Every structure is written in C-alpha cells, then in structure tokens.
Amino acid sequence: MKKLQLLFCAFLLSGSITTVYAQQNSRKQQMTELANKTLDLAVRQYKQMMQHVPDSVLPRTTNNADGSMVTAKTNWWTAGFYPGTLWYLFEYSKDNTLKEEAIKRTAQVEKEKNNKGTHDLGFMLYCSSGNAYRITKDPKYKEILLTSARSLSTRFNPTVGCIKSWDHGKWQFPVIIDNMMNLELLTWATRVSKDPSFDRIARTHANTTIKNHYRPDYSSYHVIGYDTTTGAVVARNTAQGANDTSAWSRGQAWGLYGYTMMFRETKDKAYLEQAKHIADYILGHPRMPEDLIPYWDYDAPGIPNAKRDASAGAVAASALLELSRYTKGDVSARYWKAGENMLESLASPAYLAKEGENNNFILMHSVGSIPHNSEVDVPLTYADYYFVEALLRYKQWAK
C-alpha cells in the first residue's frame, strides 16, 4: 500500500513539474514573439527617423512645447545612443540600410575620442564604436575605443579613487552614480590591449563608489563631492533627484547595471553582491508601481500621480536579465521574471509609441530632469537604446 502511495505521489509530482515547465516555455514563447514584434516596430521607426535627422546632429528627445525633435551635437553625453541603437537593430534585422546609417553616425561621433572634458565617453563611444567593433570586427573601431579609454583615464584622481564626472557645479570633484556605466570601456580596453591600468581604474572607481555612494538600504546618492587633497567626502547631493536624500530611479538603475557589468568583466563577487542588493532594493521598494516601471524618483512628491521614467525601467530590465544569469534558483528566477515583466510593460501601449508617432522614438514617458524642468514625460534616446538591448538579450537568453 505504501509503495502505491509513493508511486502516486511521484506521479503527481512529475505531472506538476511538467506543468510548470510547460507554463514557463509558453511564457518564453509569448514574450519572444512580443520581442520580435516590438523590434520589428523599432526597425520601422528608426528607418523613418533616419529621414528626418540632419547630418550635423543626433536625435535626443522631443520638445514638449511644439512636439518637434530635439537634437544634440556630438559632444553631448547622449551622442552615442542613436548609432548604438542602429547597430542593435541592424544586428536583429540584417537590414543594410540601418548598417549604412550606423556607420555614418558612428563616424560622426568618432572625434569625441579625444574629448578629455567629459566622463561620458563610455556612453558616447562604447555604445557606438563598441557595438560597431563587436559586430563588424573592423580594427579601426578598436583604435577609436582605445583612444577613448586613454582620454577617459585622464579624469581619474588616485587620491579620490574616482573618475571626475563634471567640470562644473558647486563641487570641487563631483562623481555621479551614472559614471558606473562608463567603466565598461575601461575593462574592455584592458582585455584588448593587455594594459592593466584601465581595469585598475575601473575597479578602484567601482570600489570607491560602493563605499561612498550607497546608503545602508543600498539606495544611492546621485552626486558625491570629494576633496582632492584628502580624498574625503565633503558633500552628498542630487542634481536630478527629488532631494539630496531621495532615491532617483534612473540612478538606482545605473548602479544596478554598472555593478552587474563589473561582475561580468572582473568576476569579483563583491560586485555581484552589490548588484543583488541594489536589485532587491528596487524590486522590494514599497513605492514600486505594479507594472514595474518606476516613478522618476522613489521618493517623488505626488506618488502615485508622479511621472514615470521608462528609461529607468529599460536600464533596469536589461540589467536584471543579465543579473539572473549570475545567480541561481529562486533568486535568479525572481530577477528574470522582473526583467521580463518590465519589458512586457514597456512593450505595451502604455509606453510603446505608435508607428510614425513620437518623432519615431520607440518609447514614450521618460524623464530627464524634473528639478531642471528638462525632458519631462518625453522620449529619450537612451531609453530606446537600453530597451532594444534588453529585447535582444531576452531573445538570446530565453532559449
């Protein structure tokens, strides 16, 4: 009798496991189809956008006042996202029209490789020439990137242990959490050139940021001001968040992405633990909306009527999908599901633009800086970039 009971239990367990696997596969198939449909739309949008962007500038956002496209010169921090998105969309579609535009726009940004006045060379050059080199293997892009890494390295201060973010503002040596995103250019440069100095700078910056940017609950300040004589922290502020002690949502996403990337590049488990803590802070936040697209600041006044930031959702989605690959069991499943649900929300009519609208940007409802009344509830070029990246990652890793 006991044997029959055990066999029956085993049969039930086997059936339930089969059902779970079937449900998971069905979900992956459904989401892969949604990803393909969304990427097809993105291809059509960007092929239309190509026809309207002047050769001398790059698309940035939309003007709230009249609905016109706002563009940027190559020295603006977002310059690399348009060519980077084109490379991603070419990689997906194999449409040579996109490749030709990507080559042209990547060449347009190339001169910034010598720009030592910004910390954003990772955004500007790694998103453009980095994707170009990865896809084409053309050695000219490798040289562009190595020059860019050398330029970025000049902004590192060994006393502070960080790369300086801005040459303006009230701070002597400001470092913003966004700067974590530019470290991939440096780790790549060491891997390719075998020069360990780039990687050393990236690790030192990441370690200093863990020490000084993060609160006990693993939320991040936006701006840390340092004294260059002693390396001491003299200010903890915000520039784009609700206030100095708030959790600006895109800043939390930059940190999540940055430390996930640093673990991938270095295999240092301290970075993995930091990424997990940040992910848990974001996903466990009591003011995270049900659709997982965050308010522009987790402490924004007016919640639940505060503006959402699709760009923060796109960056976080891409990071969570990757983070799930470096974790196991229920933790991995939680991160994957969250990234998947974020993508599903972004691909819904609530955030996804209709074809031919939104100045041909893909996503609506991002926020640049509410304190500066700049780019509020508009499309943003970097929201599109990380959204497309996340969709491609989903397709690659959902198998």
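The values are calculated or read from the model by the stated rules, or taken from the named source; none is laboratory data. All figures in this text were calculated on a predicted structure; none of them were measured in a lab. Note that we place each Cβ from the backbone using ideal geometry, even for glycine, and neighbour counts take in every protein chain shown.
Before moving on, here are some points about what is shown:
- Yes/no for THR238 being surrounded by fewer than 16 Cβ atoms within 10 Å (Cβ to Cβ), over 16 Å from the mean Cα position of the chain (by Cα) and modelled with pLDDT of 95 or more: no
- Qualifying position, being assigned to a loop (DSSP other than H, G, I, E, B) and crowded, with 18+ Cβ neighbours inside 10 Å, among ALA316, ALA306: ALA306
- Residue within segment 69-79 that is closer than 19 Å to GLU357 by Cα, aliphatic (A, V, I, L, M), touching a strand residue (DSSP E or B) at 6+ places or on another chain (Cβ under 9 Å) and at pLDDT 95 or above present: yes
- Inter-residue pairs, beta-carbon under 7 Å, first outside any helix (DSSP H, G or I) and in segment 387-399, second of a type outside the set (D, E, K, R), 6+ apart: ALA398/MET31; ALA398/THR32
- Residue, nearest to the chain's Cα centre (by Cα), within segment 198-226, restricted to residues that are surrounded by fewer than 15 Cβ atoms within 10 Å (Cβ to Cβ) and not basic (Lys, Arg): ASP217
- Close pairs (6 angstrom Cβ cut-off, 6 or more residues apart or separate chains): closer than 18 Å to ASN131 by Cβ and without any contact (Cβ under 8 Å) to a residue 40 or more places away in the chain in segment 144-155, of a type in the set (Ser, Thr, Tyr) and surrounded by 24 or more Cβ atoms within 10 Å (Cβ to Cβ) anywhere: ILE144/SER129
- The combined condition, being among the polar types (S, T, N, Q), surrounded by fewer than 24 Cβ atoms within 10 Å (Cβ to Cβ) and part of a loop (DSSP other than H, G, I, E, B), is fulfilled by ASN243.
- Count - residues of segment 57-66 that are exposed (fewer than 14 other Cβ atoms within 10 Å of the Cβ) and within 13 Å of TYR82 (Cα to Cα): 0
- When GLY225 is tested against (1) in contact (Cβ under 8 Å) with a residue 60 or more places away in the chain; (2) in a strand (DSSP E or B), only condition (1) is not met.
- Qualifying residue in segment 128-140 (condition: buried (at least 23 other Cβ atoms within 10 Å of the Cβ), part of a helix (DSSP H, G or I), free of Cβ contacts under 8 Å to residues at least 60 places away in the same chain and over 20 Å from the mean Cα position of the chain (by Cα)): no
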